[in-house]
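Undergrad: Let me begin by handing over the structure; questions about it come next.
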Amino acid sequence: MAKKLANYLFRTPEEIGLDNFMVLVVSAIIAIVGFLGTVINIFLDLGLMVTLTTLVPIVVMAPFYLLNRFVWNFTYSKYILLIF
């Protein structure tokens, strides 16, 4: 089951290269953890600023994950991930 999910979410390293695969995995993990943090902050009612700071990873990394997953443009994503 985990292998089937990984095949759906990510491309194989042989297909896109190991460095591009790592960018894809890290951007997905950052977006997922940011989403979970935002949901937890909303449920705990921790305030607007704390919720917005956990919303930033979703806004930044989710589009780059989708871009990398379906369009395969890793050039900008590497720089954004490095800065982020």
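The values are calculated or read from the model by the stated rules, or taken from the named source; none is laboratory data. Being a predicted model, the structure only gives us computed values, none of them experimental. Note that we place each Cβ from the backbone using ideal geometry, even for glycine, and neighbour counts take in every protein chain shown.
Undergrad: Pick from segment 61-84 the residues that are in a helix (DSSP H, G or I) and β-branched (Val, Ile, Thr): which of them is nearest to Asn20 (Cα to Cα)?
TA: Step by step, filter segment 61-84, then rank; the result is Thr75.
Undergrad: Restricting attention to segment 53-60, does a residue exist that is of a type in the set (A, V, I, L, M), at pLDDT 85 or above and part of a loop (DSSP other than H, G, I, E, B)?
TA: Checking segment 53-60: not a single residue is of a type in the set (A, V, I, L, M), at pLDDT 85 or above and part of a loop (DSSP other than H, G, I, E, B).
Undergrad: Across segment 61-84, what is the number of residues that are in contact (Cβ under 8 Å) with a residue 40 or more places away in the chain and either among the polar types (S, T, N, Q) or touching a His at 6+ places or on another chain (Cβ under 9 Å) (or both)?
TA: 2
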